[in-house]
Structure formats: structure tokens, C-alpha cells
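The values are calculated or read from the model by the stated rules, or taken from the named source; none is laboratory data. Here the structure is a predicted model, which means the values were calculated and not measured. With ideal geometry, Cβ positions are generated from the backbone for all residues, glycine too; neighbour counts draw on all protein chains shown. With ligands, DNA and RNA removed, areas are computed over all heavy atoms of the protein, side chains included. Shrake-Rupley method; radii C 1.70, N 1.55, O 1.52, S 1.80 Å.
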Amino acid sequence: MSTITSPDFKANARAALGDRQLQRALSEVAPGLAARRSAARAGLPEFEALRDLGRDIKDHTLAHLDVYLEEFERKATAAGSIVHFAPTAEDARRVVRNICRQANAGVVTKGKSMISEEIGLNAALEGDGLEVVETDLGEYLIQIRGETPSHIIAPAIHLTQDQVEADFRRLHTKLPADRQLIEPAQLVAEARQILRQKFLAADVGITGANFLIAETGSSVIVTNEGNGDLTQSLPKVHIVLASIEKMVPTLEDVGTLVRLLARSATGQEISTYTTFSTGPRRPGDPDGPEVCHIVILDNGRAELLGSEFREVLRCIRCGACMNHCPVYTAIGGHAYGWVYPGPIGSVLTPALIGVAKASHLPNASTFCGRCEEVCPMKIPLPGLMRHWREEEYSAGDTPLLYRLGLRAWAAAAKRPRLYHTLARIGIPLLATLGRRRGAFRWLPLAGSWTRHRDLAAPQSRTFQALWADHKAGVPR
Amino acid sequence: MSGAGDNRDAVIFKIRQALGTYDSAARRSAVAARLDTPPPPLVPERARQAKERLRDLFRQYLEGQSATVLEVPNAAEVPAAIGGFLRGANLPLRLRVGEDAYLEALAWSTEPALERRKGPAAGDDEVGLSRATAAVAETGTLVLASGADNPVTLTYLPETHIVVVEDKDLVGGYEGAWDKLRARFGRRAMPRTVNLVSGPSRTADIGGQLVMGAHGPRRLCVILVG
């Protein structure tokens, strides 16, 4: 499994806020993604209705997941695929390593797969002496730096162009040292040239899957680069890595989800390539893999199915919750400390690596609710984070100071008179102190908040006082 | 591989346990019914317009994705359109093409300078030519089905991809494309790959800036016939 630094979330976040390269990279990309989603949504009047349909498709499939998986296996096998079920990450690694060994593989190319990160596949294959090459450009950029993705669809979102240039000069030493690498297009062309050789040399190609279709036994990948297609079409062996919740019933269902996916992710009407793969090459086919394996991973998801977290399995991995999260856009993905960052990670990670290691994540939320608002599958992310907080609290894992604070708050909130009195004294005081700027740069007891951002000063009077005036007919 | 069946049973059992259910005839028939007759999908209004409007949409979205769209009145004019496009872009007059009978039957004698080589693409082919099974107006999307007639490598290896599609195969939404696939390959069946292509290959992974030709074609030229 990939290295876990989630227990150090607070230190990670502090470091990220002070990392100027990271802050620059985040400020360049994340706001654009959110704005593009908004424009794409405005361009399709049916978008909200499609979200309801998407949610219903996943809810239906999850409620019949055992039957759909068996049906998928039957159809995929009939089309010539070899289907493997992997209860754990270890099982999945073993299956893939065996396939590579039997294929006598030397070079393995990979399309983008978050599950591969989740099960730590690259390290396992490299341990067997294989050359493993990530072919999604963003994944390649982080692979050559020895890093992990910081976003599920834009894995190198934390890197600036200068960093990429420096890495290419350091690594691609066979190319002329005086070559120009000023424009992004020049960097992309260089990566294309290097990776094209790998595509042609690969013995095994590994891709993820956005969907598995029970109707036809097909797997679906969605890319903009076409790297997944070269990964799966050129080598003799194609391995699909998918988790159980990727299942959908029919092509019509894929259509509905595709209408939501790219619009939510990058604001495109549709991603450039959506590819349906069904088995190995057919008799008479002049290209395509000779063998096709599909590895279906559980790794803790079945347990989620039977818990209050079932809805998280509706996720189609668009990344919209990250692009709209005030916490993610401030600290980036690495601070979360494991494979899945942002709001979806804050719900998924505690389930997959244990709440003890990931307890900070569900707390890393302002509960502003934007993630739920933009989630194409209407996953109630803040509500699910609240469940984790409750579990943490009942397990007695919440820090003492925090528990005392909560108790003091509860004591006041349950006594309206006391609460109003405290508010009547506190609010005007803060309002007066913060009047000049309308915000505080520093406040006692709130230092960790004000170190990186201002705290807005309250209005001069309490809501209750304003409400009482309003009811009495006093003009504002 | 030994133990594969055990692992399947373990995964399926765990799911049933989590759902608090068991393998019942009722649940199986619910799934069979859903697969047989999916609930009617929501086809966006924009995909349910008159044919003329759909042609405009198809063109508009593809051009918005940096593809070139050429419209020719009949199949006889396709070779000239291809020749004109290649000359205009200063590209070699040499095509890699599969065994598609429609493409084979085109009036190639009108463009004697165009050289055609049959078979799947190799790393050094510069221009690939394919015929699409369908075209979807909704998002300017081509639907390509792999096989000896249209090898999948033509779509991804050459730097330039030219795709011919007939007006009769232009549909409004994705659902129209599924219908065409089912009509051609049968219900619950697919060719090895079906590629939905909506523009040339691209990436925004470096500094968030859009660059064409990440791994696949830098140029996509669509010829709409009829």
C-alpha cells in the first residue's frame, strides 16, 4: 500500500500553506476548473435532472451489486476476458504480478488508475524487476519525481511548468542539452517522443476503468490524451483494474453518467476519448491485445456497502469536490496523506486505511457544503464526514481539549439565556475591535486560523436581537 | 489460476452479507428485467432537434474541440476533400487505412497522387483514415468500432486522423449510437473496442495550459458525407 502520512495531516497542511511553489501551482489551476464546470452546467438545462438519474442508477446497481457482478463476469468471460476477483490489495497485486510473470514481461505501460495507487502496484512490479511506465502525462510527471498524485484527475496539479522543465532536463539526458523547453507545447512534445517508445516496447498494458458494463461485459476508460488507448491496444496483454462499485447495468446508463462526468470534472462537454473494451482481439482483428484480464477489487468496499457510508460508493471520481473545496484548494492533495484527497478522500480514506490513522481528514472541513452541491452523484459528503466525527467521538479518540471545548459550547447552547448573554457581550466587542478592516489578522486563541487567513469580524448586533427588532417592526 | 473461484465467492458473499440479502430468483429477475429494458434515459433537448440543426451542432462542437469538419455532398468527392486537406496542412499524401468496403469503393482515381497502405498503423504512419459507425451531434462525437475494416491503431498512432462519416449515421444523442451498435453487432454484444472520439488528443497537465497532440493525433479531420 502507498505510504500513509494522514496522521500528520496538521503538519502537512501547515507545510503546504507555506510552500510557495505549491501555492502558485494551485492558484493557477484549481479556480479555472471550478469556473469551467459552472459554465458547462449552465450549458445543459437537463444537468440537475441527470444528477438525480445518475444517483438512481448507482443506487439501483449497488443494491443488486452481487447479481450485476456475476452477470458482468459471465458476459466478459463469453467475450474472451479472464476475470479475477481480488478481496484485498494483496490479492490484486498477486494476480497482476502473476500475469506479468507468465507474459515474460519486461516493460509495463500504465494508463491512469487510482486503484493502482491504492494497492501500491508500481512498487510491487518494480520489485519484480519490471520497468513500469506511467503514460498519463500528469502521472508521468509525478512518477519521475517519485511523488504520488495530488488530485484524482489532475495528478500533477501541484507542479509548475518550471519544475517540469527541470525534471525533463535532469532525466532526458539523451536529448540535446541546449534544446528549448519554454512553451508547454515543447514539454508535451518531448514527453510524447519519450513515451511513444515505451508504448511500442511494452509487453503488458494496465488501465483502470471508469465503468464496467453488465450488459456487454465491457470496461470503459475516459481520457483526453489517448494514452489509455495506446496502453491497451499495443501490448500483447491488457489488464483492467477496477473496483466493485464501477459497475453499471447498460450502455444507456453509461450515457447518463458520461453526460455528468466531464462536465463536472473539467467542464468539457465530453472528454476527448471514451473507450469501450470488450475482451481480447477478435478473429480477423489486425491489432489489439491477444489476452485481456479484468481484476475486480473489493479492498474494504463491501463493508461500506453495509454501512451508513454506502453512498460514497456512488462516486465516479470526477474531482469536482476537490476543485470546489476551500480546504483542498488551500493545501492541495498531498497534505491529506494518502491516495484520495479532498472531501471524497476525507470520507473514503478512513474506511480504507482505518479511522485511527485518518481521523484528521473528516475534521478538515468547514462544512460549507459546496462538495455536496457540486457532486454529480449527490453524495452527502459533509453528512458522511459528520458520521466519522461521531464515530471518532464515541470511540473516545477526539483530543481532550477539543472535547472540553465541545462540552463548553454544548453547555452554553443548551441554555438560551446564558448563550444570548454571552453573545450580547461578545459580538459587539468583536465588531468594535474589527470595525476598521472588517476582519481580524490576529485573535487570541484563534492563532492557527489567522496565521494563514483573516477572520471576518461579526456584525455589530446578534441575530436574535435583529430578529426581535424585525418582529417588532423596527426599521433597520 | 487456482483460487480465482474462491476469491469470487468470497467477494460476492461479502457483498450479500453487507446488503443483508441472499441469492434470490426475485433479485435476479429484477436485474434481468433492468438489463433487458433499461428505463428510458433522459436525452437532452439539444439532441432531439431536426436533422439540419443536428448537423450544425455536430460541426459546432467538433470545431470547438479544435477538429476540422468538411462537408461534401456525396461519397465521390471524399478523395478530393482528403487530398485538399492534406495539401492545405502541408502533410504527405499517404494514408494508412483498413479494409473498410465503403472506403475501398471511393473514387480514388480522382486523386491519383494519394497513396493508400492497408492494415493497422505502425509508429511511423503519419495519416490514418477511418470510417465511423456513427456520429453523435450532442457533443460532436465520432463512434468508431474496431476490426479489420477499421483497426483501432489508426485512431491513435498517426499524428493526423481523418474520419469519414455518412449523414445517415449522424444521430442526436448517445442513445442513437447505442442503437446503431446493437443493430450492427447484436444485442448485448460489442466489438473489441468502441472509441468515442470528440477531438484531437490533448492535455492540460503542464501548468493547466491546453496542448494538442498529447499522445494521439494532433489533428482530427472529419468528413461528413451527404
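Among the residues of the range A:87-102, at least one is at pLDDT 95 or above, within 14 Å of another protein chain (Cβ to nearest Cβ) and not in a helix (DSSP H, G or I). For residue A:284, are the conditions met, namely being small (Gly, Ala, Ser), open to solvent by 10 Å² or more (accessible area, probe 1.4 Å) and within 24 Å of residue B:151 (Cα to Cα)? Taking the combined requirement at face value, the residue satisfies it.
Each row is one residue, and each column tells you yes or no for (1) surrounded by 23 or more Cβ atoms within 10 Å (Cβ to Cβ); (2) not β-branched (Val, Ile, Thr).
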position	(1), (2)
A:91	no, yes
A:101	no, yes
A:104	no, yes
A:122	no, yes
A:144	no, no
A:151	yes, yes
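Can you work out which of the residues in the range B:87-112 that are touching a Pro at 6+ places or on another chain (Cβ under 7 Å) and assigned to a helix (DSSP H, G or I) is surrounded by the fewest Cβ atoms within 10 Å (Cβ to Cβ)? Filtering first and then ranking leaves B:110.
Condition first: open to solvent by 10 Å² or more (accessible area, probe 1.4 Å), in contact with a helix residue (DSSP H, G or I) (Cβ under 8 Å, 6 or more places away or on another chain) and of a type outside the set (Val, Ile, Thr). Now tell me which residues in the range A:341-366 satisfy that. Of everything in the range A:341-366, those that are open to solvent by 10 Å² or more (accessible area, probe 1.4 Å), in contact with a helix residue (DSSP H, G or I) (Cβ under 8 Å, 6 or more places away or on another chain) and of a type outside the set (Val, Ile, Thr) turn out to be A:351, A:352, A:357, A:359, A:360, A:363, A:364, A:365.
Report whether or not residue A:310 is at pLDDT 95 or above and outside the structural domain of residue A:115 (by TED's automatic domain parsing). Taking the combined requirement at face value, the residue satisfies it. Only one of the listed residues (B:114, B:54, B:62, B:103) is free of Cβ contacts under 8 Å to residues at least 60 places away in the same chain and either in contact with a Phe, Trp or Tyr (Cβ under 8 Å, 6 or more places away or on another chain) or within 22 Å of residue B:198 (Cα to Cα) (or both). That residue is B:114. Please verify whether the range B:156-166 includes one or more residues that are of a type in the set (S, T, N, Q) and surrounded by 24 or more Cβ atoms within 10 Å (Cβ to Cβ). Within the range B:156-166 (the criterion being of a type in the set (S, T, N, Q) and surrounded by 24 or more Cβ atoms within 10 Å (Cβ to Cβ)), the answer is no, since none of the residues qualifies. Among residues that are part of a loop (DSSP other than H, G, I, E, B) and assigned by TED's automatic domain parsing to the domain that holds residue A:135, residue A:288 is included.
Within the range A:106-120, if we keep just the residues that are within 14 Å of chain B (Cβ to nearest Cβ) and either in contact with a His (Cβ under 6 Å, 6 or more places away or on another chain) or in a loop (DSSP other than H, G, I, E, B) (or both), the residue that is surrounded by the fewest Cβ atoms within 10 Å (Cβ to Cβ) turns out to be A:112.
Comparison of A:410, A:431 shows that the only residue that is loosely packed, with under 14 Cβ neighbours inside 10 Å and either of a type in the set (Lys, Arg) or part of a helix (DSSP H, G or I) (or both) is A:410. Looking only at the range A:264-273, count how many residues are in contact (Cβ under 8 Å) with a residue 60 or more places away in the chain and outside any loop (DSSP other than H, G, I, E, B). Here the count works out to 2. How do the pairs read when you match residues in the range A:246-263 that are under 16 Å from residue A:153 (Cα atoms) and modelled with pLDDT of 95 or more with residues anywhere that are surrounded by 24 or more Cβ atoms within 10 Å (Cβ to Cβ) and basic (Lys, Arg), using Cβ under 8 Å and keeping only pairs 6 or more apart or on different chains? Pairs found: A:263/A:37. As a summary of the residue check, residue B:7 satisfies the conditions (1) in contact with a helix residue (DSSP H, G or I) (Cβ under 8 Å, 6 or more places away or on another chain); (2) over 30 Å from residue B:137 (Cα atoms); (3) more than 7 Å from chain A (Cβ to nearest Cβ); (4) assigned to a helix (DSSP H, G or I) except for the one numbered (3). Residue selection: residue A:39 fails the criterion of being within 24 Å of residue B:186 (Cβ to Cβ) and more than 8 Å from chain B (Cβ to nearest Cβ). Restricting attention to the range A:239-269, the residues that are over 28 Å from residue B:44 (Cβ atoms) and more than 20 Å from the chain's Cα centre (by Cα) add up to 1.
Condition check ((1) over 30 Å from residue A:467 (Cα atoms); (2) modelled with pLDDT of 90 or more; (3) in the same structural domain as residue A:48 (by TED's automatic domain parsing); (4) not aliphatic (A, V, I, L, M)) across all residues:
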| position | (1), (2), (3), (4) |
| --- | --- |
| A:368 | no, yes, no, yes |
| A:373 | no, yes, no, yes |
| A:378 | yes, yes, no, yes |
| A:381 | yes, yes, no, no |
| A:385 | yes, yes, no, no |
| A:395 | yes, no, no, no |
| A:398 | yes, no, no, yes |
| A:410 | no, yes, no, no |
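Of all residues in the range A:330-349, those being over 22 Å from residue A:59 (Cα atoms) and part of a helix (DSSP H, G or I) number 6. Collect the residues in the range B:24-44 that are among the charged types (D, E, K, R) and within 7 Å of another protein chain (Cβ to nearest Cβ), keeping them in residue-number order. Scanning the range B:24-44 gives B:27, B:28, B:34. Residues of the range A:214-238 that are among the hydrophobic types (A, V, I, L, M, F, W, C) and within 22 Å of the chain's Cα centre (by Cα): A:220, A:221, A:222. The combined condition, being part of a helix (DSSP H, G or I), within 27 Å of residue B:161 (Cβ to Cβ) and open to solvent by 70 Å² or more (accessible area, probe 1.4 Å), is fulfilled by residue B:53.
So that you can scan it fast, the table gives a plain yes or no per residue for (1) within 7 Å of chain B (Cβ to nearest Cβ); (2) under 13 Å from residue A:72 (Cα atoms); (3) of a type in the set (Gly, Ala, Ser):
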position: A:208; (1), (2), (3): no, no, yes
position: A:213; (1), (2), (3): no, yes, no
position: A:222; (1), (2), (3): no, no, no
position: A:231; (1), (2), (3): no, no, no
position: A:235; (1), (2), (3): no, no, no
position: A:238; (1), (2), (3): no, no, no
position: A:241; (1), (2), (3): no, no, no
position: A:246; (1), (2), (3): no, yes, no
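The C-beta contact set for the range A:75-87 (first residue closer than 12 Å to residue B:5 by Cβ and in contact (Cβ under 8 Å) with a residue 24 or more places away in the chain, second residue open to solvent by less than 10 Å² (accessible area, probe 1.4 Å) and of a type in the set (Val, Ile, Thr), distance under 6 angstrom, 6+ apart or interchain) comprises A:83/A:294; A:84/A:295; A:85/A:296; A:85/B:11. Checking residue A:125 against (1) under 25 Å from residue A:203 (Cβ atoms); (2) touching a Gly at 6+ places or on another chain (Cβ under 8 Å): exactly one of these is not met. Which one? Unmet condition: (2). Taking the range B:126-226 and the strands (runs of 3 or more DSSP E) fully enclosed by it, the elements with 2 or more residues that are at the interface with another protein chain (Cβ under 7 Å from one of its Cβ atoms) are at B:193-197.
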